[in-house]
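Working notes, structure below.
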Amino acid sequence: MESLMAYVVGILFAAAIYMMLRRSIVKLVIGLILLSNSANLLIFVMAGMTRGAPPLIPDGAQAPLGAVADPLPQALILTAIVIAFGVLAFSVVLIRRAYEIVKTDDLDQMKDTDT
Amino acid sequence: MIPELALPILIPLAAGALSLALWRSVRFQRLLAVLATLAMFASGIWLLRSTMDHGFLVMEMGSWPAPFSIVLVADVFAAIMVVLNGIIGLAIAIYSLASTPRGHEKFGYYPLMHLLLAGVGGAFLTGDIFNLFVWFEVMLLASFALLTLGGEKAQMEGAIKYVTLNLFSSAIFLSAVGLLYGTIGTLNMADIARKVATLEDAGMITVISMMFMVSFGIKAAAFPLFFWLPASYHTPQVAVSALFAGLLTKVGVYALFRVFTLIFTQDTGYTHTILLWVAALTMVTGVLGAAAQFEFRRILSFHIVSQIGYMILGLALYTHLAIIGGIFYIMHHIIVKTNLFLVSGIVYRIFGSYELRDLGGVYRHKPLLAVLFLIPALSLAGVPPLSGFFGKLILIRASLESGEWVVSGITLLVGLLTLYSMIKIWAEVFWKPVPDHITDTARLEGSEKLAKHSWAYYFPVIALATCTVLIGVWGQPIYELAEMAADQLTNPGGYIQAVMGEQGISGAMQP
């Protein structure tokens, strides 16, 4: 399962980079979305996947009995998702405004500030 | 509870929230901006005094013991950076009173500025690697909005590059944190450092360290990852440019210093050699890029890149003296670079252009302004007795002691080319007569506008120029301060013990 997920993460990263290298700014944002998702998935896989063992402590015990899933990566991913949501919402507004002002969605036409 | 450790973050956060609550009253927001940044500066000084007395200050959030809670940690280096954050925040707040267009002020300029300062302060003070990511994002989101405030064509084009590359860097950072957590099983930097030292599999750690290097390298604008910076930094209004130029890339440099002195020291022959060549190439490409430019702020933007090379050089040589040099250079650079952008803003306000070809005769009309440009410009180039001279002297001496002849030669050459660039600005903007195609009326109009608020324009510039001169004249105390910070950075054991071992002064709130 973990090796399968590792391939999925790799493919997602590759797809994200490919989309970001396209000239359209809409595809650029899709690339950013894929990139943040693949990073989140990477954290999920790296922490190890434990099925059917929630990190709950039974009555009377001081520590969980046996191996349980690590809850911390899920907290990290949740935080990262919230941040990515805010940032991507901003990017979507940005590309819309950029399209209105620059009047193109082609990154090759946006070279005025380059040097 | 250690108030001085939390205040540099809490003050700008609270000020930002209060500014949002009083959205309609621009006058109140302006007053609050100055007062809050002043308070932040004061709390930074307090923090610096405290860290100089106690060594390390550690505060555990929610009073959970160290590896489980998020910790705020301040050593002398972090405290220095917080003080600089306060200085730049205060200077920009005062300058903004005059320079920020009314429309920007009504659309949340001040809340965003406070949020940016809070993000920067948080990044300096956190002792948790994931928390560092969160503070980076706080800082980035505020900077995105500030960069696009105004919505001109150039800003949009610059912002797309800036946003994309910074989000890319954040994704790499997040992936690296995930890999690190999977390998080590902790997020507390001190705990990571302790466990990395005992880990058998150093190869994996080196791979992760490279990911951190790329991520922070993008944020610090190191070669070859700097292209977003000169494409975007000259597009927003000048107070925003100056704020970015002073602080944002230096947060990347700070993060590099932190992780490559504390955590990733297991294979310095590999990692720090790469950093050394990155530093040399950053210096050279930055200064050559500046030589080709004819726009005031673009020249300065390329010089940010070039100067980042000097700071990374201090880290890359990784000797005690070199780290001192790097820290000294950061202190000097933040003040000088912000000041140069502020001067360019005054020139723009009076003469209506950033293009060197459209400018001229500033020395004849505004001799004081010319002197105020010359102080930071010569300091940037490293002319004694100004601050940049000592920064370069320490770094070159450190590189000679390490036997890196080529790199020390490059450092000297880049200093010379920096002087060439600054003299180019001096000759074009300040010395040559006013170009024929510029009519007198436009300039006089600008001059009248400035007269209303001239104190708010000139006060920060004069204050920062004074800082530059003082760092040069009183180089020894500043050197000693940098030495204290370098002592702590080169002995990561102290940091680990302070966070993990209840050594030093611990501020856990008792439940």
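The values are calculated or read from the model by the stated rules, or taken from the named source; none is laboratory data. None of these values were measured; they are calculated from a predicted model. Positions of Cβ are generated from backbone atoms using ideal geometry, with glycine treated the same way; all protein chains shown enter the neighbour counts. Areas reflect the complete protein model, heavy atoms only, side chains present, ligands, DNA and RNA absent. Shrake-Rupley method; radii C 1.70, N 1.55, O 1.52, S 1.80 Å.
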Open item on the list: What distance in nm separates the two pseudo spin-label positions at B:Arg397 and A:Lys111, each 7 Å out from Cα along the beta-carbon direction?
Closed with: 4.8 nm
- [ ] Pull up all non-local amide H partners of A:Ser24: gap of 5 or more, or a different chain, and H-to-H distance under 5 Å with H placed in the peptide plane.
- [x] A:Leu107
TODO: Quick one: which residues, 5 or more positions from A:Ala69 or on another chain, have an amide H under 5 Å from its amide H? H modelled 1.01 Å from N in the peptide plane, none for Pro or chain starts.
DONE: A:Ala53
TODO: In nm, give the distance between the simple-model label positions of B:Glu200 and B:Leu470, each being 7 Å from the Cα along the Cα-to-Cβ direction.
DONE: 5.6 nm
Open item on the list: Taking the solvent-accessible surface of protein heavy atoms with a 1.4 Å probe, what is the per residue accessible area of the protein assembly as shown in Å²?
Closed with: 38 Å²
- [ ] Mind giving me the FRET efficiency for B:Leu412 and B:Ala291? R0 is 22 Å, r the Cβ-Cβ distance, nearest 0.05 is fine.
- [x] 0.85
Open item on the list: Can you work out the Karplus-derived ³J(HN,Hα) for every residue in segment A:43-56? Use 6.51 cos²θ - 1.76 cosθ + 1.60 with θ = phi - 60°, whole Hz, and x for glycine or proline.
Closed with: 4, 4, 6, 4, 6, x, 9, 10, 9, x, 9, x, x, 10
TODO: Would you calculate the separation in nanometres between label points at B:Lys153 and B:Ala463, each defined as 7 Å from the Cα along the Cα-to-beta-carbon direction?
DONE: 3.8 nm
TODO: Treating only the Cβ atoms of Lys and Arg (+1) and Asp and Glu (-1) as charged, compute the dipole magnitude of chain B about its Cα centre; round to the nearest 20 debye.
DONE: 1500 debye
Open item on the list: Could you tell me the center-to-center distance, by alpha carbons, between segment B:1-34 and segment B:323-346 in angstrom?
Closed with: 25 Å
TODO: Rounded to the nearest Å, what's the spacing between the alpha carbon centres of segment B:89-108 and segment B:127-202? Just the number, please.
DONE: 28 Å
- [ ] Report which residues of segment A:99-115 become buried by 40 Å² or more of accessible surface when going from the isolated chain to the complete set of protein chains (1.4 Å probe; DNA, RNA and ligands ignored).
- [x] A:Ile101, A:Val102, A:Met110, A:Asp112, A:Thr113, A:Thr115
Task: List of segment B:154-188 residues, accessible area with partners at least 50 Å² below that of the chain alone (1.4 Å probe) - done: B:Met156, B:Glu157, B:Ile160, B:Lys161, B:Thr164, B:Leu167, B:Phe168, B:Leu174, B:Ser175, B:Tyr181
TODO: Using only Cα atoms, find the angle between the long axis of helix B:454-473 and the longest principal axis of chain B, and express it within 0 to 90 degrees, rounded to the nearest 10.
DONE: 50 degrees
Task: Accessible heavy-atom area order of B:Met204, B:Met311, highest first, probe of 1.4 Å - done: B:Met204, B:Met311
Open item on the list: Would chain A count as rounded, prolate or oblate if I go by the C-alpha gyration tensor, calling it rounded below 1.5 in a/c and otherwise prolate when a/b exceeds b/c, oblate otherwise?
Closed with: prolate
- [ ] Towards the positive end of the charge dipole of segment B:269-473, with charges on Cβ (+1 Lys, Arg; -1 Asp, Glu), say which of B:Ser402, B:Thr319, B:Ala370 has the farthest Cα.
- [x] B:Ala370
Open item on the list: Angle check, please: helix B:109-125 long axis (alpha carbons) against the longest principal axis of chain B (alpha carbons), in degrees 0 to 90, nearest 10.
Closed with: 30 degrees
TODO: Measure out, as a whole number of angstrom, how far apart the alpha-carbon centroids of segment A:49-67 and segment B:268-286 sit.
DONE: 48 Å
Task: Taking all pairs of distinct alpha-carbon atoms in segment B:209-357, Kirkwood radius in angstrom - done: 15.4 Å
Task: Of all accessible heavy-atom area on chain B, the percent that carbon and sulfur account for (1.4 Å) - done: 67 percent
Task: Once the Cα gyration tensor of the protein assembly as shown is diagonalised, semi-axes √(5λ) in Å - done: 39, 28, 24
Task: Between B and A, accessible area buried - total, square angstrom, nearest 100, 1.4 angstrom probe - done: 3100 Å²
Task: segment B:298-409, dipole about Cα centre (Lys/Arg Cβ +1, Asp/Glu Cβ -1), debye to the nearest 20 - done: 360 debye
TODO: For segment B:269-473, just the Cα set please: Rg and Dmax, both in angstrom.
DONE: 18.0, 62
Open item on the list: Using the Cα centre of the protein assembly as shown as the reference point, and only Cβ charges (+1 on K/R, -1 on D/E), how large is the resulting charge dipole? Debye, rounded to the nearest 20.
Closed with: 1720 debye
Open item on the list: Test of understanding: given chain B, find the longest segment containing no GluC sites (Glu not before Pro) that are in a DSSP loop and have at most 16 other Cβ atoms within 10 Å.
Closed with: B:201-501
Open item on the list: Using only DSSP helix segments of four residues or longer, with each worth -39500 (n - 2.57), what per-residue ellipticity at 222 nm results for the protein assembly as shown after dividing by its residue count and rounding to 500?
Closed with: -25500 deg cm²/dmol
Task: segment B:351-396: Rg to Rh, with Rh as the Kirkwood radius over Cα pairs - done: 1.15
Open item on the list: With unit charges on the beta carbons (Lys and Arg positive, Asp and Glu negative) and the dipole taken about the Cα centre of chain B, which residue among B:Thr37, B:His104, B:Ile9 sits farthest to the positive side?
Closed with: B:His104
Open item on the list: Taking every DSSP beta bridge with both residues inside chain B, roughly what % is antiparallel (nearest 5)?
Closed with: 80 percent
Open item on the list: I want to make sure I understand the PRE zone here: with the label point 7 angstrom from the Cα of B:Val26 toward its beta carbon, which residues in segment B:144-161 have backbone N atoms less than 17 Å away?
Closed with: B:149-151
